[in-house]
Amino acid sequence: MPEIDPRLAHLAQGHGVSTSYVDYRGETQVVSPETIHACLAGLGVDVSGEDWVDRALKDLEDKPWKQPVPPYIVVQQGEEKTINVHVDSGRPAQVWLTEEDGATRVLDQVDNWEPDRMVGDRAVGRASFSIPGDVPLGYHQLTLESDGVTFSTPLIITPSQLTTSQGIDSLWGFMVQLYSICSEGSWGVGDFYDLGGLAYWAKQELGADFILINPTHVCEVTEPMDPSPYYPSTRRYINPIYIRPGQIRQCYRASDEVQATVEAFRQMAMKATSDSELITRDEVWTRKRAALELIFAQPQDDMSEQTFEDFIRSEGSALSTYATWCVLTEKYGQDWKKWPPSFQDPSSQEVRDFVATQGDRLRFHMWLQWVAHQQARGAHKMAQRAGMKVGVLCDLAVGVSQASEEVWARRNLFAPGVTVGAPPDAYNQVGQDWSQPPWSPHRLAQQGYEPVRAMMAALLSDSTDHGGSDSSSSRSGGVRIDHVMGLFRLWWIPQGMSPDQGTYLRYDHEAMVGIIALEAQRAGALVIGEDLGTVEPWVRDYLTDRGVLGTSVVWFEQTGEGLLPPEKWRNLCLASVTTHDLPPTLGYLEQSHVQLRSDLGLLTRPLAEELERDSHDQMKTICFLEDRGFLATGQRDPHQVMEALYRFLRSTPAKLKCVALTDALGERRTQNQPGTVDEYPNWRVPLGDHTGKRLMLEDIYQMESVRRIADLMNGKDQQ
């Protein structure tokens, strides 16, 4: 095993860059110096010159002494914590905190015998102060004063444990790809009105208590639209393709002529998608956008106008920056790096001058967000009105695209020269490069983790008053965080290198998880972490202690003898038979995932060997189901095996149990094949039955197979 220069290893460790890791086979892999150099450069470390390591080590040691106060402080509620401040040697220091409600208190100084330190030509002293354990939850401010000069930093008190899951137990619901469901009144792509209808029916008729949907973040605002919901342009705002135009107040108050034109656009959109075997987002969005532009031009009543103005005011600069990006995208194209240089900087005078001429178009994109937020909240309220105990569960993507609004607007937040992905694992044996730029942990720290706070507050509620969010303004009952391990460490891949040449970069999980828990607690929302794949064992324990639900999938919960016995499954988790990254259960049982990966060149072992291994694993699962009485002995029909798997799922102690709607319909086709982009029609497969025939929501409401699965999850089935 090659060795790394101890000085470089020490520097890497100080910046959170891993110099080795344990792979999916349990073997230790040493990271190359080239990878370490590239990751350090992405963090802003100057790697030029022969003595760069020595200089960087000195900077690392001096860094805390150069800061009068830490860039942020995160403390769990009830915890007493000592923090250090730095002033000129021998000078006085006073520290106080200002709480969210304006109350102030002076902090007690505690002994600190650490000697002064020379930082350049300046002698710096360190003083320590105690933060008491009775500071309430919230975003407070800590201030240092020395010789009449003050320095402030955010003090964030987070829940020691998220309590929102304590009142729920053994609930079940559906997971659906929202874009794939479509009613007779929609536009060829599922929308929030479809979601509300599905949720109401699922509770009233079947007894489901939640609907987990794919991310609904903004992707592109012009064609072509990237089909992947996990490759957004911003995670703060909603993709307007999920708007139902006919449900906008301005539309149903408009003239008959306007309503007829809107309906004509809808008919064209439906025809475009029905003429294709796949979901045609571009064609749908072209027609829907034209209809929305027509509706926007109609007058609003006074109350709607005031509500819209309140929305613009509450969203502030974030919304206006987003709208500016939308209009520039319409004019210059989807990749801001190809725009005229003066427009690549959102703070440039040219951008300000351009904005001054685009008032109505900017307002249109702000209006789209206002409408989208209303309809998203309406879907969740419909679920609650039906009696769902959780309602709509949203999904949060792990990152954004290189050409995204987030990178354009806040590029100093992202690490250059690297992308995010995943190391090789049993399912993707060559690793994955998601081509997404990662947040820099150093720059997150400098901004007091405000981007995390803003993103979560926007996702969980319509309230932008972070001190006062509550469940009454929520647009979801919780959030599933894709690749939750990214709150702890992310797999960074230097540009020009393959996925297996990357390494892990650590983040401040106390800050990340704590802020997410605080926003969820205030919104009365659940937090679910997708902790599949290569996960350090302590991470799952930590998330459990903080009240974050994990994710357990039947095909991944295996022992040497087969399935992990149900009594050994986690209680604090979302459990399912399959995921959106695997085929529906019937397709999995037919080994379609193995053949597909072979066809796409994603296997490192021969196809025959993979098929044999998969058959062996499936047989162990089937035998376990027979031994435990979930499946009658000798039954091998895939439908019977699938039902047995859901009986097994029902018997686990998991708080939330998730039924893939594709399973309930008998669908076999994969929605997404990781490791591919266009080699497979990812995220473009419409909802279908066992033959692949496209289904409308009205068809689903009448299907006996859906009721059969619901009876099974409600314990009413007869094996």
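The values are calculated or read from the model by the stated rules, or taken from the named source; none is laboratory data. Everything quoted here is computed from the prediction, not taken from an experiment. Please note: Cβ atoms are built from the backbone with ideal geometry, for glycine as well, and neighbour counts cover all protein chains shown. These area figures cover heavy atoms from the full protein model, side chains too; ligands, DNA and RNA do not enter into them. Shrake-Rupley method; radii C 1.70, N 1.55, O 1.52, S 1.80 Å.
The table below gives the values:
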{"item": "Average accessible area per residue (Å²) across region 342-435 - probe 1.4 Å, nucleic acids and ligands excluded", "result": "36 Å²"}
{"item": "Sequence-separation-based contact order of the chain, relative, with Cα cut under 8 Å and 6+ spacing, percent", "result": "15 percent"}
{"item": "Where labels lie 7 Å past Cα in the beta-carbon direction, separation of S48 and D275 in nm", "result": "5.6 nm"}
{"item": "Karplus-derived HN-Hα couplings along region 645-655 (A = 6.51, B = -1.76, C = 1.60, θ = phi - 60°), whole Hz, x at Gly and Pro", "result": "5, 6, 4, 4, 4, 4, 7, 6, x, 4, 5"}
{"item": "Inter-centroid distance (Cα atoms) of region 127-151 relative to region 679-699, Å", "result": "56 Å"}
{"item": "Cα gyration tensor category, rounded, prolate or oblate, for region 516-582 with a/c compared to 1.5", "result": "prolate"}
{"item": "Amide H contacts under 5 Å for Q436, placed H, 5+ residues apart", "result": "V420"}
{"item": "Overall form of region 283-372 per C-alpha gyration tensor (a/c, 1.5; a/b vs b/c)", "result": "oblate"}
{"item": "Degrees separating the helix 281-296 axis from the principal Cα axis of the chain, which is the longest one", "result": "80 degrees"}
{"item": "Estimated FRET transfer efficiency when R0 is 22 angstrom, pair R91-L57 (beta carbons, to 0.05)", "result": "0.20"}
{"item": "Charge context of D302, other residues only, Cβ under 14 angstrom, K/R +1, D/E -1", "result": "-2"}
{"item": "Accessible carbon and sulfur surface of the chain relative to its total accessible area, %, 1.4 Å", "result": "49 percent"}
{"item": "Cα gyration tensor shape of region 344-402, rounded if a/c is under 1.5, else prolate or oblate by comparing a/b with b/c", "result": "oblate"}
{"item": "Helix axis angle, 450-460 relative to the chain longest principal axis, alpha carbon, degrees", "result": "30 degrees"}
{"item": "Solvent-accessible area per residue for region 478-607 (1.4 angstrom probe, square angstrom)", "result": "31 Å²"}
{"item": "Region 42-148: mean projected area of Cα convex hull, nm²", "result": "8.9 nm²"}
{"item": "Sorted peptide list for 636-644, 168-176, criterion being average Cβ within 10 angstrom, highest first", "result": "168-176, 636-644"}
{"item": "Neighbour cut-off at most 16 other Cβ (10 Å), DSSP loop, trypsin sites (Lys or Arg not before Pro), region 65-146", "result": "none"}
{"item": "Mean ellipticity per residue at 222 nm, deg cm²/dmol - from DSSP H runs of n ≥ 4 across the chain, formula -39500 (n - 2.57)", "result": "-11500 deg cm²/dmol"}
{"item": "Options V106, S89, P71, ranked by Cα towards positive dipole end of region 67-109, top entry (Cβ charges)", "result": "S89"}
{"item": "Restraint check, K389/K568; K693/K716; K203/K657; K381/K693; K657/K716; K288/K693, Cα-Cα greater than 20 Å", "result": "K389/K568; K693/K716; K381/K693; K288/K693"}
{"item": "Counted charge near R122, where neighbours are those whose Cβ lies closer than 11 Å (Asp, Glu -1; Lys, Arg +1)", "result": "-2"}
{"item": "Sites D500 and Q306, calculated FRET efficiency, Cβ-Cβ separation with R0 51 Å, nearest 0.05", "result": "0.35"}
{"item": "Sorted peptide list for 332-342, 267-277, criterion being average Cβ within 10 angstrom, highest first", "result": "267-277, 332-342"}
{"item": "Lys/Arg +1, Asp/Glu -1 at C-beta; region 256-393 dipole; positive extreme among W367, M268, L393", "result": "L393"}
{"item": "Segment T163-E223, length gained on full extension (0.36 nm per residue, minus Cα span)", "result": "17.3 nm"}
{"item": "Debye equation applied to the C-alpha atoms of region 425-576, log10 I(q)/I(0) at 0.14 Å⁻¹", "result": "-0.80"}
{"item": "Stokes-Einstein D in µm²/s, Kirkwood radius over Cα pairs - region 534-674 at 4 °C with 1.567 mPa s viscosity", "result": "81 µm²/s"}
{"item": "Stretchable slack from E510 to E450, in nm (0.36 nm times residue separation minus alpha-carbon distance)", "result": "20.2 nm"}
{"item": "Acute angle (nearest 10 degrees) that the helix 52-66 long axis makes with the longest principal axis of the chain, alpha-carbon atoms", "result": "80 degrees"}
{"item": "Hydrodynamic radius (Kirkwood) for the chain, which is based on Cα pairs only, to one decimal in Å", "result": "27.4 Å"}
{"item": "Accessible area (Å², per residue) of region 664-719, counting only protein heavy atoms and a probe of 1.4 Å", "result": "46 Å²"}
{"item": "Rounded FRET efficiency, nearest 0.05, which uses the C-beta distance separating A297 from E100 and R0 of 30 Å", "result": "0.10"}
{"item": "Against the rule of thumb 2.2 N^0.38 Å, how large the Cα Rg of region 154-302 comes out", "result": "1.25"}
{"item": "Net charge, N428 excluded, C-beta distance under 11 Å - Lys, Arg +1, Asp, Glu -1", "result": "-3"}
